[in-house]
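Down below is the structure, laid out as structure tokens.
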Amino acid sequence: MSLLSRSLLPALLLCASLAAAAEPSLPGDPLRGRDLLSEKRCTQCHSVWSHGGSLGPDISTAVAGKSLLDLVGDFWNHTPRMIDAMIGRGYLWPTLNRREMGDLLSYLYYLRLFDEPGDATRGEIAYSHLRCVTCHSLAGQGGALGGPLDRFSEYPSAMELGQAMWNAGPKMQRAQIGRLKAISIFSGGEMSDIQAYLRSRGKPADRRVRLLPLPDPARGVAVFRAKRCNACHRPGSGGAPDLRAAALNLTVAEISGTLWNHSYTMSEWMRARAIPFPRFSGTEMADLIAYLYFMGFVSEEGDANRGALMFRERGCARCHEGSKAPVSNLAESDAVKDPIAMSSAMWNHAPEMHKLMAAEGVAWPQFDPGDMEDLVAHLRRAASAQQHRQP
């Protein structure tokens, strides 16, 4: 396992008590999920950040930006090939109970939280077109209004830079407006690229690399509340963006850049509502960003009508619907109330299902992004109707 992977894994430990409806809890422990990846011999075929097997795709790339149920759908789509490959090599199919499935899915999602290294050449271009040099100096060259940026060259991550920019945001934006300059807007991975440029050109006090404590999404929930982010970013708040959608499939640096891009508008909103502009210290910004990233993991409610149509068109109803279903009536299963339990059941019974479907000449159904949300919504509705019909 790479140094990067070992250093980041402690950040993935989460508190399991995030129970508020608007702040759903992660369904598992990513650190246990990391261990399971080796225990279940997944790394014999799959790599993580290019470390591991080469038979299957690199997991850290394959899972990028996918919600919980989209990951479940991906597992299902590739199951026949995995079964055939494992049989061909004499491997046993690994079973996963509910907790193990939750741990593994949580780890796979969190693999993409952290940034890949920025590019110093692109960072120099971004530094120029965002006019950072107008107010800031680096290695003794540039403006003096905003102070030197050399101290940030001690950090491998853009997180400290992003937090400092946020804290100084109102002052920086007033200065830009006062000089009739457009407020700088970041796109893509520019924050990470600029950090790489600062590291390549800056003159820090010494050459030590300063590693910040790793971000903790559980602490991020507390920051979210303490800084009163939930005063605007909640259902029915009237205009504040959906943070789950805004953070989906973005890295730390990209979320940090997005926060900066909207900070001027946010400060105006907060001033109108007499909410103090929040400032961050220590790991607060990193923890908050980790939490915002985590929000995208929990799938949104699907469309039960589309799910019902899919259940029949994909052939699921043939074996899993009605009192005379040859396998099991999914509407009577407790697993449909819990996507993780359902995923565990699907995974564990996959070899038997693969054999049965091959014998019957039934094609293995495939799920596109969003399909599993619709299917789960249908099964939940069917389970509720079944429960109400019982005496």
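The values are calculated or read from the model by the stated rules, or taken from the named source; none is laboratory data. All figures in this text were calculated on a predicted structure; none of them were measured in a lab. Reconstructed Cβ throughout: ideal geometry from the backbone, glycine too, with neighbour counts over all protein chains shown. In case anyone asks, the SASA skips ligands and DNA or RNA and just uses the protein heavy atoms, side chains included. Shrake-Rupley method; radii C 1.70, N 1.55, O 1.52, S 1.80 Å.
Using only the alpha-carbon atoms, what does the stretch 64-138 span along each of its principal axes? Please give whole angstrom values in decreasing order.
62, 27, 18
Are there trypsin sites (Lys or Arg not before Pro) in the stretch 60-145 that DSSP marks as loop and that have at most 13 other Cβ atoms within 10 Å, and which are they?
Working: sites: Lys66, Arg81, Arg89, Arg98, Arg99, Arg112, Arg122, Arg131; in loops: Lys66, Arg89, Arg112, Arg131.
Passing both the DSSP loop test and the Cβ count: Arg89.
Accessible surface of Ile83 in the full protein assembly, 1.4 angstrom probe, to the nearest 10 Å²?
About 10 Å², ignoring ligands and nucleic acids.
Using only the alpha carbon atoms of the stretch 137-286, find the Kirkwood hydrodynamic radius as the inverse mean reciprocal pair distance, in angstroms to one decimal.
Details: mean 1/r = 0.0600 Å⁻¹.
It works out to 16.7 Å.
Solvent-accessible area of His349, probe 1.4 Å, all protein chains present, reported in Å² to the nearest ten, please.
100
If the cut-off is a Cα-Cα distance under 12 Å, which aspartates and glutamates reach Lys355, setting aside same-chain residues fewer than 8 apart in sequence?
Within reach: Asp84.
Could you compute how fast the stretch 121-207 diffuses translationally, taking Rh as the Kirkwood radius over C-alpha pairs and applying Stokes-Einstein at 10 °C with viscosity 1.306 mPa s? Give it in µm² per second. Can you show the working numbers first?
Numbers: Rh = 13.1 Å.
The diffusion coefficient I find is 122 µm²/s.
So, in Å, what gap is there between the alpha-carbon centers of the stretch 304-318 and the stretch 126-204?
With the stretch 304-318 and the stretch 126-204 each reduced to a Cα centre, they are spaced 53 Å.
In the full protein assembly as shown, how much of Ser192 is accessible to a 1.4 Å probe, in Å² to the nearest 10?
About 20 Å², rounded to the nearest 10.
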